[in-house]
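The values are calculated or read from the model by the stated rules, or taken from the named source; none is laboratory data. Everything numeric in this text was worked out from a predicted model, so none of it was measured. Cβ placement follows ideal geometry from the backbone for every residue including glycine, while neighbour counts extend to all protein chains displayed.
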Amino acid sequence: MKKLALIVFVFSLGFTWAEEGMLIPSVIQAFESDMKARGMKLSAQDIYDVNNASLKDAILHFGGGCTAELVSDRGLLLTNHHCGFGQIQSHSSLEKDYLKNGFWAKTYADELPNPGLYVARMVRIEDVTKDMNFGVNDGMTVAEQMAQIKKNSEKLIEDAERGTNFKAEIKPFNYGNDFYLIVKEVFNDVRLVGAPPSAVGKFGGDTDNWVWPRHTGDFSVFRVYAGKDNKPAEYNENNQPYKPLHFLPVSMLPRKKGEFTMVYGFPGTTEQHLVSAQIKHIIENERPARIAMRESSLSVIDAGMRSSDELRIKYAAKQARIANAYKKWIGQVDGLISLGAVDVKEAYEKKYVSMANSKPEWKKYGRIVEQMKTLVEENKDYDFRYAVNTEYLGIGAEIFRLARSFTRLEMELEKITKEDLEEKKASLTSTIEAFFKDYDAGVDKDIFIKTSETYLELLDGKNVAGFIQKNGVQKAAEIIYAKSFLANKEKALSFVSKLNEKSFKKLMKDPGMALYFEVYNEVVDNILPAYRVYMGSLNNLLKDYVAGKYEMFPNDKHWADANGTMRITYGALEGSAPTDGMMYTEHTTADGILAKNRTGNPDFELLPELKEKLEKREYGPYAQGDDLWVCFTGSNHTTGGNSGSPVIDAEGRLMGLNFDRSWESTMSDYMFDPSRCRNIVVDIRYVLWVMDTYSGAGHLVEEMQLVNP
C-alpha cells in the first residue's frame, strides 16, 4: 500500500520539466534536440535567424528594463501593466484617471506619445571573444590589457554600425571570459494604445505581489511607429505604424498541463556563481538592511496614497518601484534559508577545490574559493554601508532625487559660457517642473523622518550625516522642509532663474543640499573607492572561478548569468509543491477574482462593471471549457527584465505574458530549484477578454492573428 501511495503521489505531481539556464539565442541550436524532446515543434532557425525573419524579430527590449512582443503587422505591442505603469501614470490626472479607469485609444490619432520611451529589436548577437582579445598577452600589465581590449571594442562597434541605422554594444559574459557583440535597431516613437484599470492590471496589489495563486491582468498595449521608410524615427505625428519582420500569432487553443513553454526576453541580472560567504552576507546583513529601508519609506507612501486620489496618482509609480523589490527580497531571503543555500554552496566549493587539487594543470584554481571568502569577510562592511547609503539616497526622501540634478553644478559653472548657462537653466527648469508634478512635501517630510531614523539605526550612528546627528531627525526635518528649495517649487525655480558662476556657494547654504552632499560625499570619498576595488577584485576571481567550472566540469550544464541581453529559457506549464503540505495547481480562473474580492481587502477591489461581467460568466470565445483562465505557472527560469516576455508554445504561438515569479522562486537569481521555481504568466485569452468583452476595444483583437481550436 505504501508503494502504491508513492506512485499515486508521483503521478499527481506530474513529471517536472523545469530547466535551469538562460540561453543565448545565437547558440540555441545546441539545445534544439533537448527542446524537441520536451515537445517543441520549432527549429532552432525558427527561433533565431540572422538572415531571415524569426521569433527574435517579434521580441523587443522595452525601455531597457522590460520585454515586449509584437502581435500584429501594424506594430501593436504587448507588455506588462507594471512595465508601462510609468507611462500610464504620466498621462493620468484627476480629470483623466487612467490608472483607476483604464485607457483605450479608438484610433491611431488617440494613441499617446511617450517622450524618452524606446524599444529595441535585436538584429544579431555575435561571439567576439577572439576579436576582443586580439593583441592581448600575459606579458602586458592589466592597464595595457584593458587599453587593448577597449581599442578592439571600439573598432568592432564602429564596423558593426558603419553604413546602417543600427546601434551596437559589446557585453562581457561569464565575468569577461566571453564577449558578445549586440547589434540592435532602436525605435523612439512608442505610443500608449491601451491599459486596463488598475483593478485588473494591479489586481492583488502588494498582497498578491510575488505570490501564487495569482489573478492579475498584468498587461498594457503600445504601438511602435517608424518613418515612411519603416526605419526608426524620432516622434512625428506623420510617422506610420511599424511593419515588423515577424509578429507572434495568438494561441486560443486549450492549455494542457505539462505542455512545452518557452520564454523569450531580456532577463536583467542573476548571480549564480557567488560563493557561500557572499550568500551568507546577503541573507544575514545586506538584504535585511535594504528591506528595512524600504519598509520605512513604504509605510508613509502607502498611508498617503490611501488618504486621497491626488496622492494615489502622484505616488502610484513610485510606490510600485519601491515595493516590488522590497517584497521580492523578503521572499528571496526566505527561499535561500529554506534551501540551505549556504550549505549547498559550501558542499560545491569543497568539490571544486578537491577537483582543482586532482591534477597539476588545475592547481591554479585551488585557492580561488578561499581567496573569495577572505575578500568577502574583509570587505562586507563596505558592501553593507554602500547598500544602506544608496537606499537612503535612492528610495528615501524625494528631495535627494532632485538634489542629484545639482551634483555637478560646481564643475559646470566654473567656466560656463552665457549660452551654455541659459541651456543649463532651461534643463534644470524642466527637471523641476517634472519633479513637482508628482511631489507632496508633507508626504516627503514623513518619508525623510522614517528613513532617517532607520538609516541611523542600521549604521549605529557611525559615519552618518553630522547634520542629522547634531539636530536630531525631527529638528533636521523641520529645518529642511521649511528652508530648502528642494521641497518648494517656487524657491527651486527662483534659484535656477538667478543661476550664475557664484551660485554653488549659495547652493551649499541650502540645508537640503548640504545634507545631500554630506551623505553623497561619504559614499564617494569613504565607501565607493574601497567598494570598487572590492568588486573589481571579486570579479577577477569570479572570472577564474567560472573558467575552472568550464574546464574541470565540462559535462555540467553551463550558462552565462543574465546581464540584460536577449535570452531563451524553456520548461513546461506546471504547478509545484514548494513547501511541506502545500500543492499549487498550474492555473487560476476568474472565479478566484470574485472570491478574493469578497474578502474586503482593498487590494482586491473591482470596478462595478467588471464585477458584473465576471458574475455573469460572459467569457465568450476566451473560455476554456466553462472557465476563463486568468494566470498560469511555468517551470521557466526567469528574473527581472523578463517582465512582459512572451510565453510561447511548441509551435511559436503566444500563450501569455510573463510577469512574476512565485515567492518561493525569488531566490532563483542565486540558486535555481527545479522543484519549486515557477514563473507566473497572465493568459493571453484573459488579456483579450479584458480588451474585448470588458473594455470594448475589440478593434485591437481584430489586428491580431488568432489561432483557434
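Quick check on the range 666-676. Is at least one of its residues free of Cβ contacts under 8 Å to residues at least 40 places away in the same chain, part of a helix (DSSP H, G or I) and aliphatic (A, V, I, L, M)?
No, the range 666-676 has no match at all.
Taking only pairs six or more apart or across chains, which ones have beta-carbon atoms under 7 Å, a first residue in the range 618-643 that is under 20 Å from PHE659 (Cα atoms) and assigned by TED's automatic domain parsing to the domain that holds ASN80, and a second residue that is part of a strand (DSSP E or B) and among the basic types (Lys, Arg)?
THR638/ARG661
Can you tell me which residue among ALA476, ALA482 is more than 16 Å from ARG401 (Cβ to Cβ), of a type in the set (A, V, I, L, M), in a helix (DSSP H, G or I) and free of Cβ contacts under 8 Å to residues at least 12 places away in the same chain?
Only one candidate passes the filter, namely ALA482.
Taking SER494 as meeting all but one of (1) touching a residue at least 40 places away in the same chain (Cβ under 8 Å); (2) out of contact with any Gly (no Cβ under 7 Å at 6 or more places or on another chain), write down the number of the exception.
It is condition (1) that SER494 fails.
Please tell me if LYS314 is out of contact with any strand residue (DSSP E or B) (no Cβ under 8 Å at 6 or more places or on another chain), part of a helix (DSSP H, G or I) and under 28 Å from LEU538 (Cβ atoms).
no
Might you let me know whether the range 355-377 holds any residue that is without any contact (Cβ under 8 Å) to a residue 60 or more places away in the chain, small (Gly, Ala, Ser) and part of a helix (DSSP H, G or I)?
For the range 355-377, residues without any contact (Cβ under 8 Å) to a residue 60 or more places away in the chain, small (Gly, Ala, Ser) and part of a helix (DSSP H, G or I): absent.
Look through GLY442, GLY394 and report the one residue that is closer than 29 Å to LYS505 by Cβ and modelled with pLDDT of 90 or more.
The match here is GLY394.
When only residues in the range 677-691 that are of a type outside the set (A, V, I, L, M, F, W, C) and not in a helix (DSSP H, G or I) count, which is surrounded by the most Cβ atoms within 10 Å (Cβ to Cβ)?
Top of the filtered list is ARG678.
Would you point out which residue out of TYR520, TYR439 is in a loop (DSSP other than H, G, I, E, B) and under 27 Å from the mean Cα position of the chain (by Cα)?
Among TYR520, TYR439, only TYR439 is in a loop (DSSP other than H, G, I, E, B) and under 27 Å from the mean Cα position of the chain (by Cα).
Which condition number in (1) within 26 Å of VAL50 (Cα to Cα); (2) buried (at least 22 other Cβ atoms within 10 Å of the Cβ); (3) of a type outside the set (A, V, I, L, M); (4) within 23 Å of the chain's Cα centre (by Cα) is the one that THR269 fails?
The failed condition is (2).
Restricting attention to the range 651-661, does a residue exist that is among the small types (Gly, Ala, Ser), crowded, with 18+ Cβ neighbours inside 10 Å and touching a helix residue (DSSP H, G or I) at 6+ places or on another chain (Cβ under 9 Å)?
Looking through the range 651-661, at least one residue is among the small types (Gly, Ala, Ser), crowded, with 18+ Cβ neighbours inside 10 Å and touching a helix residue (DSSP H, G or I) at 6+ places or on another chain (Cβ under 9 Å).
Taking the criterion of being part of a loop (DSSP other than H, G, I, E, B), over 20 Å from the mean Cα position of the chain (by Cα), farther than 30 Å from ASP46 by Cα and assigned by TED's automatic domain parsing to the domain that holds PRO621, would at least one residue in the range 198-219 satisfy it?
yes
Check ASP343, ASP383 and return the single one that is in a helix (DSSP H, G or I), surrounded by fewer than 17 Cβ atoms within 10 Å (Cβ to Cβ), among the charged types (D, E, K, R) and assigned by TED's automatic domain parsing to the domain that holds ASN540.
The conditions single out ASP343.
Looking only at the range 677-709, count how many residues are in contact with an Asp or Glu (Cβ under 7 Å, 6 or more places away or on another chain) and either closer than 19 Å to ASP343 by Cα or without any contact (Cβ under 8 Å) to a residue 24 or more places away in the chain (or both).
Total satisfying the criteria: 2.
How about the range 53-161: which strands (runs of 3 or more DSSP E) wholly inside it have at least 2 residues that are free of Cβ contacts under 8 Å to residues at least 24 places away in the same chain and more than 28 Å from ALA325 (Cβ to Cβ)?
none
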